[in-house]
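First comes the structure, then the notes that go with it.
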Amino acid sequence: MFANFNSLKSLMTFLMLFLILNTGCKKPSTTRSPADRSQQSKKPINAPDYNPGQQQYPPIVHNGFTLTPVALDLKGIRGYIQQQPNWLPKGAYIDTSSEKLYWLPTIEQQGSYSGLIPLYGIQRKIFLNIEHKNFRQGPPSNFRDGDVGYILVHGKGIDYCADPEGLEDYWRQSKNALSPDQSYLKVVCYDGTKRVADTALSVAQQIQKANCGRFNKCIVVTHSMGGLMLEHMMIYSRSPRENEKYPEYFNNREEYLKAKEKILFVVSIASAAGGSKAAELLLRSSEQSTIQELIGKISAKFEDKNDAARNLLVDIATTEVAPINEDPGVIFFMVPGFSKELAKQVGDILGTSDENPFDVFNGDNEIAALDRVVHYSSRSDGLVSFRSACGIADSDVDAGPGWKASLEEQFQYCLNSQKKPSHFVWFLTNLNHSKNRWAEKACKAGGNECEIYFPNYNQRTFIRETRLNGRSATMAIRYLLTKDALP
């Protein structure tokens, strides 16, 4: 079943803006001075002609959303507004140089707002009416560079703060693809070998320093354990309750809250917030038979048995680091990866067979080996399965339709299973755990071309969007958020 979409946290705001002439204004005289005629000719470009016999302007519809920057033209305010009207909702302001009202409403700001604004010297009343709709179809679009900023949060690995070259290689061309203007981009770093709780404070402080554009809001793009990091920070930004099981996690809540105020929403690529069965294999297996043979490959992907790997044990990730029943208070749009085909036998992967490896996981044999041996209970990108990457509210490491289930069964599991609060699957991509964070057209190994699949709630499955063929996840994210020309 789907998550409950009746709550405000699962709703999208549409903004309808219209101007009404203040009822206290007098009917204009039929005889005007030259100055009056000059002023009368400067009508607001978005407003229809005013008929003195009418009491209000017809409605002006503005296609904005809760999370979409609103820039309402108010031509005629220049020279007439000396200070910001005190009735404006929190976060809204009027820029006299561009003659626009700028506002990025939050989900909680539903309702109606009204007040007087002088347009060409005539007091007019502006109404802002907020209504709501759900987020199942993904985030709003048409973001402009400079309105908002972008923040990248990497996953597990090394101490990327001490290795700038490693951090550069982690994201590669994704930085330029997501934010061509680098002044509105913040690439966060932390020690990827440590516990999330030990490094989250530094991440929160870096987010606070990000240039989040005109509206002081940033879109955060995370990868792998970066998703667990953001969920941890957002969950533990709330006030602690009595008898908290992990009270120490609230020690930095004020810093987390400051970071939260700058976050518009989170795009979580290949999220490991639900933990990984591969971490179970690495840390809790008996290391026998085939597992013993592949443990070196597994260790290479997880950077050995460190504190970060322990964070990814399913029970620890879902009940302690980021409890699955807690609402993070910001929207997480999930972007899982997967392989359409799976390896049929271990011999191909290990090189003990004369046959070529199958076209699986974009030709990455080590990742294919992980998937083949771990036997995730739902389709994976090699390191995390749909259970985690789709934001499913289940802490059972073996939850899912099974490793051998058809791709259609896997799609239905991802879409139709109960989600964690404020989590929505945006789209799927047939990219492995490494390549789904890169902006390169690097997923054309054999017949495994880049493909993007969007949810279809009528058919209760995912449908391929052929317009995005050959585009990687980050390229698709940029296009879908900005509606720029496809790269």
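What follows is calculated from the coordinates using simple rules that are stated; it is not laboratory data. Remember, it's a predicted structure, so these values are computed and weren't measured experimentally. Neighbour counts run over all protein chains shown; Cβ positions are idealised from the backbone, glycine included.
General observations
- Length gained on full extension, S406 to I463: 19.0 nm, using 0.36 nm per residue less the C-alpha separation.
- Each peptide in 363-369, 454-460 was scored by the mean count of other Cβ atoms within 10 Å over its residues; highest first, the order is 363-369, 454-460.
- Extension gain, E254 to N211: 0.36 nm times the residue separation minus the Cα-Cα distance gives 13.5 nm.
- Binned Cα-Cα distance frequencies in region 364-433 - 10 Å width, integer %: 21, 56, 21, 1
- Using a Förster distance of 41 Å, the FRET efficiency for N142-A162 (Cβ separation, nearest 0.05): 0.60
- Solution diffusion estimate, µm²/s, Stokes-Einstein, region 149-242, Kirkwood Rh from C-alpha pairs, 10 °C, viscosity 1.306 mPa s: 116 µm²/s
- Estimated FRET transfer efficiency when R0 is 45 angstrom, pair K344-S183 (beta carbons, to 0.05): 0.35
- Largest first, the extents of the alpha carbon coordinates of region 90-220 on the three principal axes equal 61, 30, 28 Å.
- Remark: for residue pairs K340/K435; K186/K258; K209/K483; K175/K217, the C-alpha separation exceeds 23 Å in K209/K483.
- Per-peptide packing, taken as the mean over residues of other Cβ atoms within 10 Å, places 232-241, 259-268, 139-148, 474-483 in the sequence 259-268, 474-483, 232-241, 139-148 from highest down.
- In terms of packing, defined here as the mean over residues of other Cβ atoms within 10 angstrom, the peptides 330-340, 91-101 line up highest first as 330-340, 91-101.
- Stokes-Einstein diffusion of region 198-276 at 37 °C, 0.692 mPa s viscosity, Kirkwood radius from Cα pairs, rounded to a whole number: 251 µm²/s.
- Multiplying the residue separation of N416 and K305 by 0.36 nm and subtracting their alpha-carbon distance yields 36.5 nm.
- Sequence-distant residues sharing a close amide H with A210 (under 5 Å, placed H): none
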